[in-house]
Amino acid sequence: MKRLSVYLCAIAAPLALAACEAGEETAATHPAADDTGSMVLDNGMSVRATIETRQENLKEMGAAMKTISDQLKLEAPDVDAIYASAQTIEGHSMNIGDWFPAGTGPDSGIETEALANIWESPDDFANAVARFQNEADGFEAVAVTRNVDDIRAGLPSLGGACKNCHDQFRLDTN
Ligand code: HEC
């Protein structure tokens with residue numbers, strides 16, 4: 001049967017051929033996408049839920065960073081909002097190391113910007129996590145003082161820890 005359909009595809013017009021190949025692949029080679037996504041990991045969550053949850057958390061970190069930098073542009077920054085954002089980031093920094101269990105990378109069939117390098121170079125990834133935890137902790141300690149000058153001075157090294165990890169482990173979409 002398979003041989004016959006390959007043969008039929010091969011003699012089809014080029015456009016139809018593409019459709020044939022796509023169809024074959026979904027049916028035969030990659031039942032993957034959805035099946036893999038629903039596979040349950042040791043964390044008790046499916047691959048899909050694990051990836052989507054981490055992306056939600058990362059979006060929260062992005063929003064928290066934006067709140068901080070937006071506030072710092074104002075004449076009278078809302079230091080309470082900055083501190084709350086610093087707490088959000090610090091809280092996530094404690095857990096980010098658990099957001100990337102094996103099986104939740106680019107081969108999962110789920111859309112993700114996580115690079116395979118995370119699992120290929122686990123020591124480097126752990127270093128990036130540790131650097132980030134250190135920076136997030138330090139920034140929270142500055143933010144709690146509500147001293148705007150110190151907060152402003154401390155932000156670049158926090159941002160540098162985000163970038164350090166993204167440069168190595170996140171797909172560059174630019
Ligand atoms: C230890 C590595 C690491 C650190 C540290 C890190 N990120 Fe990321 N970030 C990633 C990876 C990997 C992805 C891609 C995740 C995916 O698509 O599954 C990502 C994705 C994101 C996204 C996109 C989320 C989405 O799906 O829309 C945002 C926003 C983001 N990070 C913000 C930040 C900010 C802000 C910081 C620092 C406060 C930070 N990240 C620190 C690794 C990291």
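Using the Cβ-Cβ distance between residue 72 and residue 127 with R0 set to 30 Å, the FRET efficiency from 1/(1 + (r/R0)^6) comes to roughly 0.60. Projecting the Cα positions of 162, 129, 65 onto the charge dipole of the range 45-169 (unit charges on Cβ atoms of Lys, Arg, Asp and Glu, taken about the Cα centre) puts 65 furthest along the positive direction. The modelled label-to-label distance between residue 102 and residue 171, using points 7 Å beyond Cα along the C-beta direction, is 2.3 nm. Between the amide H of residue 46 and those of 41, distances stay under 5 Å, these residues lying 5 or more places away or on another chain, with hydrogens modeled in the peptide plane. Here residue 80 and residue 137 are evaluated by their C-beta separation; at R0 = 25 Å the FRET efficiency comes out at 0.80.
Extending 7 Å from Cα along the Cβ direction at residue 53 and again at residue 95 yields two label points whose distance is 0.7 nm. For the range 120-174, the Cβ-based charge dipole about the Cα centre amounts to some 220 debye (Lys, Arg positive; Asp, Glu negative; other atoms uncharged).
A simple spin-label model places pseudo-atoms 7 Å from Cα toward Cβ; at residue 149 and residue 43 they are separated by 4.2 nm.
Laboratory data are not the source of any read-out in this text; all were calculated from the coordinates shown. For clarity, every value in this text was computed on a predicted model and none was experimentally measured. Positions of Cβ are generated from backbone atoms using ideal geometry, with glycine treated the same way; all protein chains shown enter the neighbour counts.
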